[in-house]
Amino acid sequence: MTKILFTGLLLAWLAGAATGQERLYDFSFAGEPVERVIAAIERASGTRFAYPSSLLARFPAVTGEFARATLRQVLDAVFVARGITYKLQGDYIILGKQRRPVTVSGTVKDAESRETLIGATVYNPASRRGTATNEHGFYSLSLEEEEARLVISFVGYAPFDLTLALTRDTVIAVELQPSIQLEEVTVIGESLSAWIRNVQPGQVQFPVKVVNNLPSLLSESDVLKTLQLLPGVKTGNEGLAGLHVRGGNADENLYLMDGIPVYNPSHLMGFFSTFNSNVIKRVDFYKGTFPARYGGRLSSVVDVRLKEGNMQEVHGNLSVGLLASKFDLEGPLERGKTSFQLSARRTYMDLFLPSLLRSVTRETDGHGWENYSTGRYHFTDLNAKITRKFRGNDQLSLSVYWGKDYMNYINRSRIENTLGPVEEGSDVSTTYTHLSTEERNWKWGWGNFITLLEYGSRVTERLYGRYLLAYNRYVSTINVKIDSTLSTRREQLLSNYTRSLYHSGIEDVIAKVDFEYNLSARHTARFGGEVIYHTFTPEVSNFTHLSTAGEIDTLGQEVEMKNRARGGELSLFAEDEIVLNHRTRLHPGVRLTLFRAVDATYFSAEPRLSFHYAASDRLSLKASYSAMSQYIHLLAFGGVSLPSDLWVPVTRRIPPMRSRQVALGIYYRPHPGWEFTAETYYKTMKKQIECIDGATILPAYRAWEENVTVGEGRARGVELQLQRQQGRTTGWVNYTLAWADRRFPGINRGKRFPARNDSRHGVNVVVMHRFSEAFDASAAWVYNSGARATIALEMYDMPKIEGVNDSDAPSSPGIPHVEYRNNYQLPDYHRLDASVNYHRQKRWGTATWSVSVYNLYSRKNPFFVYMDGEVRDGTRKSVLRQASLFPVIPSFAYSITF
Amino acid sequence: MNRATRILPLLLAATLLAGCEQVSEYTGELPDLKLVLYSFVRPDSMVRVDVHQTRYFSNNSSELPREVTGEVHVNGQLAGTLYPTPRSPWELAVQHVADVYPRPGDRVRVTARAEGMPEASAEVTVPADTVPIRVDTTLLGNPGKLERVHYTLHINDTARERHYYRLIVETETYEVVDGERYNSTRHYAFSPENDPLLVGSNNTWINEDVVPNRYHIFTNETFEGTGYTMRVSAGARNTTRFEYAHDGQTIGQRNVMKHHVTVVRIDEDTYLHLKSLMLLEMGEGVMEPVQVHANVHGGVGIIGYAVYSTVTFEMPEVHVQESGYIN
């Protein structure tokens, strides 16, 4: 007999005052069987007990004294203390077994490659609770001790359904079978996996398959080009780098590659992105709600996770296109434990561009004068990763990314003069031949280098930790040489050599820890921090000039400039996903950042909050609030985002930028496979910087703060999207209505003006159709009402300024006058891209022919415009000159996958 | 080399393959033409305002505004009206003057209007003090060769605020023929001697044809509250002989007569205007025009101030021998 110790007297005394008028009972039990105890309570209270007979089968005898105790106190003491719960329902007391919380944890992987899956859903229909796997494929879900059914699903895979009896914390590793039969994806309340799933307002997740299936420029699929097809996302100028998300600037987007910032996410100024789609596992894009683990930029986060490599077999892909090729290889180094992933890309425009340019630009007069230009461009990038998995879901990975763009332009001129004969009778040679040559050689290179070591560890069934150490560098180098000579056939008379080398960049050393803690069935917390040591080199330059006359060298000038700045950044974050009930979730968080720059220290506390209410299985409502800070600026030139733009830290004079955004969203699934979303947002951006009138940010870093002014921006809009996620035909259509403006002291006399990316309407239509296993096609139509540009519509004559010689006065026809910044709306932008893919199954794999067309109807979208005068029909008129970049561009590629 | 000439060839390479240019007649709205006003108020000097107007790109040359009227207010009070002065055919603007002589510390507002154009106005406050400068000289060179005078300027700026300056070195020259002086001229060529404040914002780039800091503007950012010593030089003597063709005998010589070394204190608007003019001249507007700074409301141009501190050096006269060498 087990004695049950009671504190009934004390409880009765304490609760007596609290409960007031509740009926009180006196009981005395001395080793009574529970059935007698139940009968006594029933007689005294007039209630009836209901319970399964097996529930009290081994219940111990009851001993205890109750004096003036309430019914609840008696039931708590007799039953709850022994793991039996009760519920009062009218005259009935319903007994049940108290379920102890247990944790189910483990990893979800691809059954074929053993690659972990990020964002796979693990869901318990009975409790309507679920979770998603983290960056290492790990999940942890708290349930109650019972027989539980779990459904694990992920888009592109057949769902996995299992039922098990949970009596203690359990580790389950799940492997999902890939499936192209998307119709099998089952709608299960909140656990629907979709092509594009919105988890929080302004958050989008999509698998890389979407990226690879969309039409692409030069047959190179591109994750950034895919993002541009989403509502609220606009590009900069045609073909150039930069995303403008919800009215933000191009430098306000955080691009992460396995958690490390990428400072220049583009090759060839935006034609291709740094992210090789062959090695991407998953993309998370945030534009409205930002979990507290992200920070440092105002407008968006593009979080790209890369593959680890197939743990079982060697696979690869080789793709040869019109202007670029790539290959990737993955496989086990030790089956099931260690894998590698290697991928490389290179363009080869440099093979034919030099001769093409030379033939197009060559000029000669046939008498010794010749001038031509030539040039080349290529980019190369390499991704490499080794992953080692240990017991207990731990894994260690070492990865490297190296990318380099190289552009070269050479102009050569040659003049050969043959003079003579001289006067008769002279003893001087009758002819002189002088050869004058000049070569101007511009070389421009830029690129990222990232290396990181990451360790993920399951500390307990509820706690998972990630530890990361990384080095990140971005460099841009411009090298200009001008070499001129004057010589005869016998000797060199004169030479001038001028060289200018300019180098800018940014380096980071990063240490990060990140923990995910399954606190309980209702709380999943995430917390951690990072330290970044920045080294900014906005300008390191060297100028040399050397003249040689005969045999005498004269060093004309040598100048060197070095500008460096260092900064330290410490961030801590904490967030919690709270399940209030089966319909309502709350996700609060906070990020604290301390930034130490050259001459200033700044601190920010950034609260984040999102709210999710599932009105039904088909309809959910979401709301969010985010505060963000940004401590580094990208100094760009006149609206053109170029690789030589400078990353600079905040200073005492130029404070950090801050933004606040509120977003509301409605998400509705009218029918399985269809989803409709409507979001609205309002965003403010403070302490943005802008070049002041009359200033330009040259690579000269010195005094950059005097060339900018600090102001504010606003953005608001509505985004609607309808997407179809299943079936042979999938895709989406979206519409954006948006406004964005700016206000800066010293610009437009302090009055508000439209932002450069203030494009009122945007429409994207994307269709992907699978005709058969062998043949599929896709098309994307993009429309944006014209963005803004600053052009002069009138001009005035150059004034005479005292202190300048008339002969030195510039010969400019006049000064173009701009009424106000971004005064002109460019023509609307639209284009249609299409592609078809033909797959052939071979013994060893799949061969695919891809044909794509960029800008199918050759729309001449504006690259830039300017006003000019031209005589037409005998009258001089004001004309608009518009430069366009890309007419129709067809391309093809052949790839093999084995 | 400026950024435009660095980037344009690279962009050209990219656009050659696929780019194209479209030209269309502009049929959109055009802004109203505006008055262009330029005036640099000098303390205790008559107010002079150059007035002309903007034009559209369809006009090759500008017309002059009609029925121009205007006033000058000093410290909020009407001080005078603008009236035009005779204009030479080669001058683009009509200079208007007002019989107003602002004093240091005065707040001067210039307002002008013309037929069919909005009223244009701007205001400037003349500084209450001048900046003392002291100039030392050194004459360098060899007899018979081109000689230069090196000037060391000491600018004493003790104010704890940002000041803006220009440096002007003006050279007066004349010719001597048979002992008589003729053809007095003025020019502004001098060497900044690599002074970092005068050379320009970027001296590590190849810049072949354009003087980086044409207007020789600078600020007191590096010497605020203290002073600065600047070294420049100008040609002192030109021994070029020339012969009059009609007799083949007469020998003349061009001599430098005077150097006027002037430090002009200007306002911020004038500084930004000149800086943006230089950017425009250097072709910095790759894809968008350089927005030349202006402070005239309702119009274009600058109403600023210019406070001159000048030191004049008179060169000794030299005599030429038949050999052409200097005594």
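The numbers here are math on the coordinates, done by the rules we state, and not lab data. The shown structure was predicted, so the numbers you read here are calculated from the model rather than taken from an experiment. Cβ atoms come from the backbone with ideal geometry, glycine included; neighbour counts cover every protein chain shown.
Summary table below
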| read-out | value |
| --- | --- |
| Footprinting exposure proxy for A:798, A:407, A:867 (fewest neighbouring C-beta atoms within 10 Å first) | A:798, A:867, A:407 |
| Value of relative contact order over chain A, rounded to a whole percent, pairs C-alpha under 8 Å and six or more apart | 9 |
| Cα gyration tensor shape of region A:217-354, rounded if a/c is under 1.5, else prolate or oblate by comparing a/b with b/c | oblate |
| Which of B:134, B:55, A:843 has the fewest Cβ neighbours within 10 Å, and the rest in rising order | A:843, B:134, B:55 |
| Extension gain (nm, one decimal) between residue A:451 and residue A:334, 0.36 nm per residue minus Cα-Cα | 39.9 nm |
| Options A:718, A:740, A:704, ranked by Cα towards positive dipole end of region A:703-765, top entry (Cβ charges) | A:718 |
| Over 25 Å between alpha carbons, listed pairs A:287/A:686; A:225/A:481; A:800/B:275; A:326/A:481; A:225/A:443 | A:225/A:481; A:326/A:481; A:225/A:443 |
| Cα long-axis angle, helix A:34-45 against chain A (0 to 90 degrees, to the nearest 10) | 90 |
| Chain A: Cα Rg divided by the 2.2 N^0.38 Å rule of thumb | 1.19 |
| Whether region A:830-898 is rounded, prolate or oblate, judged on the alpha carbon gyration tensor where a/c under 1.5 counts as rounded | prolate |
| Estimated distance in nm for a label pair at residue A:605 and residue A:177, the labels positioned 7 Å out from Cα along Cα-to-Cβ | 5.4 |
| Region A:717-762: trypsin sites (Lys or Arg not before Pro) in DSSP coil with no more than 11 other Cβ atoms inside 10 Å | A:751 |
| Residues A:732, A:674, A:844 arranged by fewest to most Cβ contacts within 10 Å | A:844, A:674, A:732 |
| Within chain A: Cβ-based charge dipole about Cα centre, in debye rounded to nearest 20 (Lys, Arg +1; Asp, Glu -1) | 3040 |
